[in-house]
Structures are given as structure tokens and as C-alpha cells.
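Beneath this line is the structure, given in C-alpha cells, with notes to follow.
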Amino acid sequence: VQLQASGGGLVQTGASLTLSCAFSIRGTELYSMGWFRQAPGKEREFVTTFGRGGSGTLYADSVKGRFAISRDNAKNMVYLQMNSLEPEDTAVYYCAARPTYTAPTNPSQYNYWGQGTQVTVSS
């Protein structure tokens, strides 16, 4: 399984971006998904996770109400819609997957990772 993240860029505070994560295989509905991010000098952190079949969607408090995860199983894609971006959102964003029902918030529990896409929010 290979994941390809894209859609990052340089934006101003308050702007929106949509990140995409493409799966290399069909059957993405069998995977639980997560978006994580890593800022310079910091550990990789949970942003949002999405359980298989839509169960148990979780958001970090810092992005709740601003970010939304979604998936299109027909296109083998997962998205992260990011609104009202803040400088604190600046990081490399990664999509991740695991072939289980549950979607934990611990990044070490994910089997497959995309290469990351840079999001930079200027003040």
C-alpha cells in the first residue's frame, strides 16, 4: 500500500487549503485513516482520524471546527479540508492508514504513510 499526499502550500492566515491523499490500491474502505502533522523541532502529532466505515472520527482540539476529514472510496482518496488556517498550523502534513476498524490517535500505530506535504501559514 502506498499513499501520496498533496495539496500543501504557502497561504496567509485565515485562508483555506484542501489536502489530498491518494491510495495506490482499491479497497480503501477497509482502512482506517489519519492525518498527522509535524512542525520543526516537534514530534509528529495527531490532527484527525477516521475509522473504517466512518466510525469514530476524532479531531485534535486545536483544529476542531476548522478542519474536516473525508474520503471518497470510489476514487481511493482521503481529504483534509482546512479552514481558517493559523500560523500554528504550519507543519508537514502526513496521511496514514491501517487495515483495522479503529483509528487510534497514536501515529506509531499506523502501518502506511504518505510522504508528507508542507503547509505554511504566514501571519
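Scanning the stretch 88-104 for residues that are open to solvent by less than 60 Å² (accessible area, probe 1.4 Å) and either in a loop (DSSP other than H, G, I, E, B) or not acidic (Asp, Glu) (or both) yields Thr90, Ala91, Val92, Tyr93, Tyr94, Cys95, Ala96, Ala97, Arg98, Thr100, Ala103, Pro104. Among residues of the stretch 40-60 being farther than 19 Å from Asn76 by Cα, within 14 Å of the chain's Cα centre (by Cα) and not aromatic (Phe, Trp, Tyr), the one that is surrounded by the fewest Cβ atoms within 10 Å (Cβ to Cβ) is Glu45.
Identify all residues within the stretch 100-121 that are out of contact with any helix residue (DSSP H, G or I) (no Cβ under 7 Å at 6 or more places or on another chain) and among the hydrophobic types (A, V, I, L, M, F, W, C); write none if there are none. The answer is Ala103, Trp113.
Taking Thr102, is it of a type in the set (Val, Ile, Thr), under 18 Å from Leu30 (Cα atoms) and without any contact (Cβ under 8 Å) to a residue 40 or more places away in the chain? Steps first, please.
Details: of a type in the set (Val, Ile, Thr): yes; under 18 Å from Leu30 (Cα atoms): yes; without any contact (Cβ under 8 Å) to a residue 40 or more places away in the chain: no.
The answer is no for Thr102.
Under the condition of being under 18 Å from Gly8 (Cβ atoms) and either at pLDDT below 95 or touching a Leu at 6+ places or on another chain (Cβ under 9 Å) (or both), the residues counted in the stretch 64-88 number 13. Does the stretch 73-87 hold any residues that are open to solvent by less than 50 Å² (accessible area, probe 1.4 Å) and either without any contact (Cβ under 8 Å) to a residue 60 or more places away in the chain or assigned to a loop (DSSP other than H, G, I, E, B) (or both), and which are they? Hits for the stretch 73-87 are Asn76, Met77, Val78, Leu85.
Out of Ala15, Ala22, which single residue is open to solvent by less than 40 Å² (accessible area, probe 1.4 Å), more than 13 Å from Leu85 (Cα to Cα) and more than 11 Å from the chain's Cα centre (by Cα)? Walk me through how you get there before you give the answer.
Working: Ala15 fails: more than 13 Å from Leu85 (Cα to Cα).
Every option except Ala22 fails the conditions.
The values are calculated or read from the model by the stated rules, or taken from the named source; none is laboratory data. As the structure is a prediction and not an experimental result, all values here were calculated from the model. We place every Cβ from the backbone using ideal geometry, glycine too, and count neighbours over all the protein chains shown. Protein only, heavy atoms only, side chains kept; ligands, DNA and RNA dropped before computing areas. Shrake-Rupley method; radii C 1.70, N 1.55, O 1.52, S 1.80 Å.
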